[in-house]
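Trainee: I have a structure here, written as structure tokens, and I will follow up with some questions on it.
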Amino acid sequence: MKSERDRWQRTLSDLPLGSGGFGSHTMKSVKERIKMLERRARRRRRAAATAIVALLIAGAVVFRGDLTNLLTPKETAKPVISETETTTLNIMFWDNSTFMTMYGQPFIIRHPAVRFEYSAYPGAGTGVANSSVGIDRYREQLQQSHADLVQIPLAYVSELAADGLLKPLGAWMKRDKLTDESWNTAVRETLREAGGGELYGFAPEFAGYALYYNRDLFRENGVPEPTDGMTWEEAMNTAARFQGIKKEGKPVYGLSFGYSTNMGFEAMTIGDSQNLRLANAGLDQATANAKGWLDLWTKLADGHREGWINNVPDPEWEGGIDVNDLLKQDPFLNGRAAMTYAGNSYMQNLKDAPAATGFEADWAVVTQPRDKERDQAIGAFEIPYILAIPAKSASADAAWELLKYIMTPSQSERYIRLTRNSSLPTVAANDGAGDSRSAVFYRASVDPVQILDTAKRNSDPVYSSLAAAVRTEAYNRTKDLADGTLDVPALLKELQTKAEQALQAKPAGGGSASGEETP
Amino acid sequence: MKKLAALAALALLLTAVGGCVKGGPSHEASKTLTVACCSDYIYDLWYRDFIETGFPDWDVKFVPMSQENSYTSYDQATMSAFLDHEKPDLMIVDSAQYRLLRSADKLQNMDGWAASSKTKLTELVTPGVLEYLRGESGSLYALGPSFHANALYYNKDILDQLGVPYPSESIGWEQLLELAGRVMQDPRRDKDTAGLFIPQLRSPFDLLRQVAGTEGLAYANLQSGTVTFDSPGWERLFKLVVSAYERGVFTMESAGMDNGNLFQQGHAAFTIDYDSLYPNLRETAKFGWGMTAPPARSGEPGRAGEIQMFNLFAIPAGAGHAEQAWEAISYFMSERVGRARAGLLNADGLPVQRDYPALKQDSALKIFYEPLPTNSLDKLGYGINQGPGDFDASFAELVNGHIRSVLADKETSDAAFKAIQPEAERLMQKALAEQKATTRSNAETAGS
């Protein structure tokens, strides 16, 4: 609780009364104080007064609360968020109780008179930053609701900001000397890209994939360990070296995908990291059978057939699935997979594994493999949502205080605790919070233009329904696959047909967010 | 030029003063506090945010007392070892752990801390809670941020239909059982409707014990090893309970919560239940309902109902930073915390702040804050045995047996009441003898 970072955080957020004496104040309160000083000065009618006031104005910006103590002992200026008078903030968030747990509760504890009200979330009940409802519903809600803080998909930030519906945050940041330097670089660059240099919202967390590996299995079999930034080709070749290895009579796999064994799922997951697309940018041509897909599917089919990729069919789950049963199903967590490609939430599975499966292996993690055609940038990186302040917010200053609090290291520590080490806060938590191995997600570099482009494509209702159709088909066509029977070209033809049908079914006028065709 | 020099001096002065102010309380030498409590998850959910907010400069160490999803029950030996090893300054414990610590004299008396505090506890904390915590001894060894209290809830639709009046604020057990009896005897009553539903009631003895609790009567004295059932007070209550069963207010087949909460389902005219039912009814009840204070002690209209506190803050005798522990406890008692909790969704009970109903802007909550409790942390509370060993269980069976024979017309209620004291004394002798034997054999085991 006592570190440089926490001290930094305290200078950003209000201190409770009684714990130090002064809190942060906004321009408004500074201006009020200045007015008061001006009135006094006039009463005294002294020529020098104006000059002194000018100095005080300058000083007020620097000293703020200290000045209050010095010059107006009895007339403390009103802070943005009163300790006793109710400040109501209207929130538009996908789930109200999640909002309370994540942000509302700690903020109210810091500001006891804050109360929250809620505006309807576009496509409520369908998930976080749901984009299948399209940008128009968000636009409507930003115009019609009384929201002071809204959760929106990354893909819509540029347009909503261009429409003047979101408050730029730069002026506030400058005033409060809040910089984004301590943020995860990939998030910072992507948000700046989305706002054309300006920030129109903050992203408290991000998500990514990585390659987890069992160091014991690598040592025992004399295979060199994977490294940061290796290509998918290198990763697959490493996995193939485990072909035929057994442990206690059971096969050891070179590569697995958590507890899942479905080749369709695997193809789509790796495809994301290689930026493979199922349609072109103009959404008039399906690309589900492009060369990149063919190479990927072929390699996966080889791995399944030769047994260096986990090829045990998914069991038929009936009714509810117990999390522990899923963990028991996972070869990596049973010490029988050398590598597993999974998202950051897999950190939670690894944390639960010792109790669930007796997993005790020495494991490590490297950045997700990349497409060999590209530079170091990774493809599977996501900013699940943005928190922004609507331009017409009636309590924008108070909303800013909340937004500022959300981006503090102590709040990051809360994310890590609440999600059992599986979330990736944009603002790094204090050293020692969480598992140091999660640093792998912070090391990965991204191409912000690419990330934004992917987000926009995925947020397009036409593309998302096309992707869903292809995923479902790929999953169904590979779920009962016996070893080596997959006719890859035939499958890709089917997937291409599905994708084409989805494109033909798109509504007149299209749902494409950008509409522009890129070569 | 002179002017400029003056301004520069003023600027310097401002900087200096600013520096002084900044170097004030928020930058004092670091304070440390070791908190022992619950599991990580519970600590994160209920306490951590408060402690981090209240004491941002402190170096706070948390020591879990139980693992996630499992409850660790401490006996004297493990508790002593825990204290020696972890040396906590502040403990957040349940009432069983509190009694364990208290009986081993491992806790600090808080009266001195409370007396020296600038804001008096009585100005912050609701009087009923303070009385509950002080208990028989009158001394304060624990405080807590939350409590539970019960109320009398009634179904207005059922009472209106049958023309039975709503209960008044200072209703006693006699009147309540009378009203419930009128519901049961009314031929217009739906056959699934109960007069009075008490969730934990499974036998006549459960009712007798609850009624006697309201009246402050104990049937045995653990210290002296005597049975105290033979009194006019007990005779009145025994006959009250027997007559309630005779009139069909309850039947011997009362099934507690086996069929769910009858009141919540709209199938009971009255219920005595805890505060948690209130928000529940507000959200889900499909019938008209009201609530008032539970039955009051005879002749003491302001004393009614029970309090429970599951999370007690105590300072161990050996705490190295007792002052910080008291500061943390005071913070949890403050109006600031009460105000914050009025805005939160989930809490582990009602905040103890006396102004909470006003902070929450819900005057209906006063029902839980105004009465003085009939029980205390050390007397007549949940889980407190009145006799030694197995006495309490055998006494309950004895009383139920006699009530059963009265209802079967095999015994008059006079005869039954008279028979209980001597039979209970024999049970007491037996329990005492068994306890002595156990102590002796334990001593021998330890000595061998």
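Trainee: Computed FRET efficiency, Cβ-Cβ of B:Val63 and B:Lys410, R0 60 Å: what is it to the nearest 0.05?
Mentor: Efficiency for this residue pair is about 0.55.
Trainee: Which residues does the label zone of A:Gln501 cover in segment A:452-482, counting backbone N under 16 Å from a point 7 Å along Cα→Cβ?
Mentor: Taking a point 7 Å out along Cα→Cβ of A:Gln501, the residues of segment A:452-482 whose backbone N falls under 16 Å are A:465-478.
Trainee: Can you give me the relative contact order of segment A:93-229 as a percent, contacts being Cα pairs under 8 Å and 6 or more apart?
Mentor: Relative contact order of segment A:93-229: 17 percent.
Trainee: Among residues other than B:Asp378 whose Cβ falls under 13 Å from its Cβ, what is the net charge (Lys/Arg +1, Asp/Glu -1)? Please report the intermediate quantities before stating the final value.
Mentor: Values: positive: B:Arg99, B:Arg102, B:Arg134, B:Lys379; negative: B:Glu131, B:Glu136.
Here the count lands on +2.
Trainee: Further, regarding this structure: Answer rounded, prolate or oblate for segment B:349-448, using the Cα gyration tensor with square roots of eigenvalues a ≥ b ≥ c: rounded when a/c is under 1.5, else prolate when a/b is larger than b/c, else oblate.
Mentor: Oblate, because a/c is 1.5 or more while a/b does not exceed b/c.
Trainee: For the ranges B:175-185, B:333-343, B:434-444, B:157-167, what's the packing order if you count other beta-carbon atoms within 10 Å of each residue, average per peptide, and put the highest first? Could the numbers behind the result be given before it?
Mentor: Values: B:175-185: 19.7, B:333-343: 22.3, B:434-444: 11.2, B:157-167: 16.7.
With the highest mean Cβ count within 10 Å placed first, the list reads B:333-343, B:175-185, B:157-167, B:434-444.
Trainee: How many nm is it between the label spots at B:Ala437 and A:Arg115, if each spot is 7 Å from the Cα in line with the beta carbon?
Mentor: 6.4
Trainee: Would you mind putting A:380-392, A:276-288 in packing order, based on average other-beta-carbon counts within 10 Å, highest first?
Mentor: Numbers: A:380-392: 22.8, A:276-288: 18.7.
Most protected by this proxy first, the peptides run A:380-392, A:276-288.
Trainee: Turning to a different aspect of this structure: Under the 0.36 nm per residue contour assumption, what length would be gained going from the current alpha-carbon distance of A:Ser436 and A:Asn458 to full extension? Numbers along the way, then the final one.
Mentor: Numbers: separation 22, 0.36 × 22 = 7.92 nm, distance 3.12 nm.
Roughly 4.8 nm would be gained on extension.
Trainee: Probe of 1.4 angstrom, ligands and nucleic acids ignored: what's the accessible area per residue over segment B:49-146, in square angstrom?
Mentor: Heavy-atom SASA per residue in segment B:49-146 reads 44 Å².
Trainee: Other chains near A:94-106: what is the mean number of their Cβ atoms within 10 Å of each residue's Cβ?
Mentor: 2
Trainee: Report, to the nearest 10°, how far helix B:2-22 tilts away from the longest principal axis of the Cα atoms in chain B, using its own Cα long axis and a range of 0 to 90°.
Mentor: The angle comes out near 30 degrees.
Trainee: Now for a different question. Set the Förster radius R0 to 51 Å, insert the Cβ-Cβ distance between A:Asp284 and B:Leu344 as r into 1/(1 + (r/R0)^6), and round the FRET efficiency to 0.05. Present the calculation step by step, with values, prior to reporting the outcome.
Mentor: On the way: r = 52 Å, r/R0 = 1.01.
Calculated transfer efficiency: 0.50.
Trainee: Please give the FRET efficiency for A:Thr231 paired with A:Arg137, using the beta carbon to beta carbon distance and R0 = 45 Å, rounded to the nearest 0.05.
Mentor: 0.65
Trainee: While we're looking at this one, here's another question. Give the interface area between chains A and B as buried accessible surface, both sides summed, probe 1.4 Å, in Å² to the nearest 100.
Mentor: Buried: approximately 3400 Å² between B and A.
Trainee: Another question, then. Report relative contact order for chain B in percent, whole number only (criteria: Cα-Cα under 8 Å, sequence separation at least 6). The partial results should precede the final answer.
Mentor: Values: 669 pairs, mean separation 106.8, N = 448.
Relative contact order of chain B: 24 percent.
Trainee: Write down the radius of gyration of chain B and its Dmax, each obtained from C-alpha positions, in Å.
Mentor: Every Cα atom of chain B included, Rg and Dmax give 26.7, 112 Å.
Trainee: On to the next question. Residues with beta-carbon under 13 Å from that of B:Glu169, excluding B:Glu169: net charge, scoring Lys, Arg +1 and Asp, Glu -1?
Mentor: Combined, the nearby Lys, Arg, Asp and Glu give +1.
Trainee: Provide the net charge surrounding A:Arg188, with neighbours chosen by a C-beta distance below 12 Å and charges set as Lys +1, Arg +1, Asp -1, Glu -1.
Mentor: Computed value for this residue: -3.
Trainee: Work out the mean other chain Cβ neighbour count within 10 Å for the residues of B:43-56 and drop it here as an integer.
Mentor: So the per-residue partner count for this stretch is 5.
Trainee: Roughly how far apart, in whole Å, are the Cα centres of segment A:364-435 and segment A:130-165?
Mentor: Answer, in whole Å: 20.
Trainee: While we're looking at this one, here's another question. Going by alpha carbons, how many degrees (0 to 90, nearest 10) lie between the helix axis of B:204-215 and the longest principal axis of chain B?
Mentor: Between the helix axis and the principal axis of chain B, the angle is about 50 degrees.
Trainee: How far is the Cα center of segment B:327-392 from the Cα center of segment A:231-270, in Å?
Mentor: So the separation of the two Cα centres works out to 57 Å.
Trainee: Kindly rank B:214-224, A:157-167 from highest to lowest mean number of other beta carbons found within 10 Å of each residue.
Mentor: Listed from highest to lowest mean packing, they are A:157-167, B:214-224.
Trainee: Roughly how crowded by other chains is peptide A:409-416, in terms of the mean Cβ count from those chains within 10 Å of each of its Cβ atoms?
Mentor: Average neighbour count from other chains, rounded to a whole number: 1.
Trainee: A follow-up question, please. Describe numerically, in nm with one decimal, the distance between label points set 7 Å from Cα along Cα→Cβ at A:Lys479 and at B:Asp40.
Mentor: 3.5
Trainee: Let me have the relative contact order for segment B:240-343, percent, based on Cα pairs under 8 Å that are six or more residues apart.
Mentor: 11
Trainee: Over 24 Å between Cα atoms: which of B:Lys31/B:Lys118; A:Lys177/B:Lys61; A:Lys250/A:Lys328; A:Lys299/A:Lys493 fall into that group?
Mentor: On the way: B:Lys31/B:Lys118 20 Å; A:Lys177/B:Lys61 31 Å; A:Lys250/A:Lys328 14 Å; A:Lys299/A:Lys493 17 Å.
Result: A:Lys177/B:Lys61 exceed 24 Å.
Trainee: Would you be so kind as to identify which of B:Thr78, B:Ile403, B:Gly216 lies farthest towards the positive end of the dipole of chain B, taking Lys and Arg as +1 and Asp and Glu as -1 on Cβ and the Cα centre as origin?
Mentor: Positive-end residue among those listed: B:Gly216.
The values are calculated or read from the model by the stated rules, or taken from the named source; none is laboratory data. Nothing here was measured: the structure is a model prediction, and the numbers come from that model. A quick note on method: Cβ atoms are made from the backbone with ideal geometry, for glycine too, and the neighbour counts reach across all protein chains shown. Accessible surface is based on the protein model in full, side chains and every heavy atom, while ligands, DNA and RNA are left aside. Shrake-Rupley method; radii C 1.70, N 1.55, O 1.52, S 1.80 Å.
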